[in-house]
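One structure is given below, encoded as structure tokens.
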Amino acid sequence: MKSKYKIFLACSFLVVIFASLLLLFGRYDLVKKGYCLSEYRPIPDIELIERYVLGARWQVLTEAEKEQALSEIENYPYCCRIEETPSYLSERDIFWNALLGEHYYGVEAVLKNTDVHSPDKYIHVVSSINACGVKMDANRKRMPITESSYQKAINFNKQYWDRK
């Protein structure tokens with residue numbers, strides 16, 4: 001009788017382990033593909049850019065206020081583009097982040113400099129966001145750029161959005 005009980009326990013344990021791994025890697029696959037777990041959906045690139053540009057206030061603004069705020073940004077949405085994976089992440093980092101439930105996108109933006117004390121008219125911002133569009137500012141870099149570099153980036157980003 002003891003051997004049947006041990007076999008039952010062993011089988012039950014294996015079923016639990018198998019089910020856990022199935023759930024873990026099923027979630028991993030969703031996260032690796034850019035699925036926002038808190039909203040139960042993938043967020044389209046244009047919406048990720050809206051969330052990036054508007055910051056935390058995207059949640060409290062009405063649609064009319066969002067449109068107004070976005071219309072004030074020069075060359076929106078051509079000012080920004082999404083990279084499927086930030087260049088600073090290795091494949092191992094991507095694997096572990098996805099296993100832990102996070103997917104990161106790189107964001108490149110060329111914007112008019114709003115710092116009145118800076119002589120630079122335009123800036124190039126490299127940042128990252130998670131799959132739900134939340135900024136991860138620890139890796140943010142701001143670099144001044146010339147007007148010709150700004151125009152080249154806008155044209156490059158136009159091609160990016162035309163393909164979407």
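A short reminder: the numbers here are calculations on the coordinates, not readings from a lab. Every value quoted in this text rests on a predicted model; they were computed, and no experiment measured them. Every residue, glycine among them, receives a Cβ derived from its backbone with ideal geometry; neighbour counts consider all protein chains shown.
Restricting attention to the alpha-carbon atoms of segment 82-130, what are Rg (one decimal) and Dmax (integer), both in Å?
Rg and Dmax of segment 82-130, Cα atoms, are 14.7, 44 Å.
For residue 135 and residue 114, FRET efficiency with R0 = 22 Å and r from the beta-carbon atoms, rounded to 0.05?
0.85
Multiply the residue separation of residue 96 and residue 7 by 0.36 nm, subtract the distance between their alpha-carbon atoms, and state the gained length in nm to one decimal.
28.6 nm
Return the FRET efficiency for the residue pair residue 75, residue 41: r is the Cβ-Cβ distance, R0 is 35 Å, and the value is rounded to the nearest 0.05.
0.80
Pull out a ≥ b ≥ c, the square roots of the eigenvalues of the alpha-carbon gyration tensor of segment 112-152, then state rounded if a/c is under 1.5, prolate if not and a/b is larger than b/c, and oblate in the remaining case.
Prolate shape, in that a/c is at least 1.5 and a/b is the bigger ratio.
For residue 56 paired with residue 68, estimate the spin-label separation in nm (one decimal), with each label point 7 Å from Cα along the Cα-to-Cβ line.
Taking the simple label geometry, residue 56 and residue 68 are separated by 2.2 nm.
Among 149, 87, which comes first, second and so on when ranked by fewest other beta-carbon atoms within 10 Å?
87, 149
Mind listing the long-range amide H neighbours of residue 36? Cut-off is under 5 Å, sequence gap 5 or more, other chains count too, H placed in the peptide plane at 1.01 Å from N.
41, 43
Return the Cα extents of segment 49-164 along principal axes one, two and three, sorted largest first, each rounded to a whole Å.
Reported extents, whole Å, longest axis first: 41, 33, 33.
Which shape class, rounded, prolate or oblate, goes with segment 54-96 when its Cα gyration tensor gives a ≥ b ≥ c as root eigenvalues, a/c under 1.5 marks rounded, and past that a/b bigger than b/c marks prolate?
Cα axes put segment 54-96 in the oblate bin.
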